Amino acid sequence: MARTQSNMLPLGTKAPDFKLVNTVDDTIISLNEAKGLKGTLVMFICNHCPFVIHVNAQLSQLAKDYVSKGINCIAISSNDVDNYPQDGPKFMKQFAIDNDYIFPYLYDQTQDVAKAYNAACTPDFFVFDGNLKLVYRGQLDDSRPGNDIALTGTDIRTTFDHILNNKPISEDQKPSIGCNIKWK
């Protein structure tokens, strides 16, 4: 299992726009349609990565805890499905259902969106404020497969809470670690 760190996109970066297929219902969704009023979490994930599998329950719970507060979640898979067919759209739909995702799970076939976000690993997390300015990029929390640290989502939950309470967000942010995105 490769351990790749996320790239730390500069804070304040405007979220790159996109229009991608939501594999759950086969609709085209843009960033502006899916964003939250107060904040948006854009996460790059995939079906087969053990790091993503490790955090799935927390991703699902994060969305359920914050969507009613104005923070939306968007998941994107950008992996090369020719070499990793288990990450393809038909499997993404079932993965989203099995993991009780209430957020769109989008397919980035060209990998252009991952490149625009400078995404490097799965999972890779980017939190934007209500104006789609980057306020956090980094890890969900300190838990990793096999390290026996409880999965809490504390780093992203703290960021969400700071957004909601108009508090400054610390620039001391730890990169996410996961499997590398499978580039074509």
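The values are calculated or read from the model by the stated rules, or taken from the named source; none is laboratory data. Worth saying up front: this structure is predicted, and the values here are computed from it rather than measured. Positions of Cβ are backbone-derived with ideal geometry, glycine not excepted, and every protein chain shown enters the neighbour counts.
Here are a few things to note about the model shown:
Here's the yes/no breakdown for (1) surrounded by fewer than 18 Cβ atoms within 10 Å (Cβ to Cβ); (2) of a type outside the set (Ser, Thr, Tyr); (3) modelled with pLDDT of 95 or more; (4) assigned to a strand (DSSP E or B):
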position	(1), (2), (3), (4)
Asn7	yes, yes, no, no
Asp17	yes, yes, yes, no
Leu20	no, yes, yes, yes
Val42	no, yes, yes, yes
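- Boolean, Val24 is hydrophobic (A, V, I, L, M, F, W, C) and part of a loop (DSSP other than H, G, I, E, B): yes
- Search result, residues across segment 66-78 that are more than 16 Å from Val24 (Cβ to Cβ) and in contact (Cβ under 8 Å) with a residue 40 or more places away in the chain: Tyr66, Lys69, Gly70, Ile71, Ser78
- The residues of segment 60-72 that are surrounded by 18 or more Cβ atoms within 10 Å (Cβ to Cβ), of a type in the set (A, V, I, L, M, F, W, C) and touching a Gly at 6+ places or on another chain (Cβ under 8 Å), listed by number, are Leu62, Ile71.
- A count restricted to segment 54-65 and to residues that are among the β-branched types (Val, Ile, Thr) and either free of Cβ contacts under 8 Å to residues at least 40 places away in the same chain or in contact with a strand residue (DSSP E or B) (Cβ under 8 Å, 6 or more places away or on another chain) (or both) stands at 0.
Condition check ((1) touching a His at 6+ places or on another chain (Cβ under 7 Å); (2) over 25 Å from Gly130 (Cα atoms); (3) among the acidic types (Asp, Glu)) across all residues:
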{"site": "Asn47", "(1), (2), (3)": "no, yes, no"}
{"site": "Pro50", "(1), (2), (3)": "no, yes, no"}
{"site": "Asp65", "(1), (2), (3)": "no, no, yes"}
{"site": "Gly70", "(1), (2), (3)": "no, no, no"}
{"site": "Asn83", "(1), (2), (3)": "no, yes, no"}
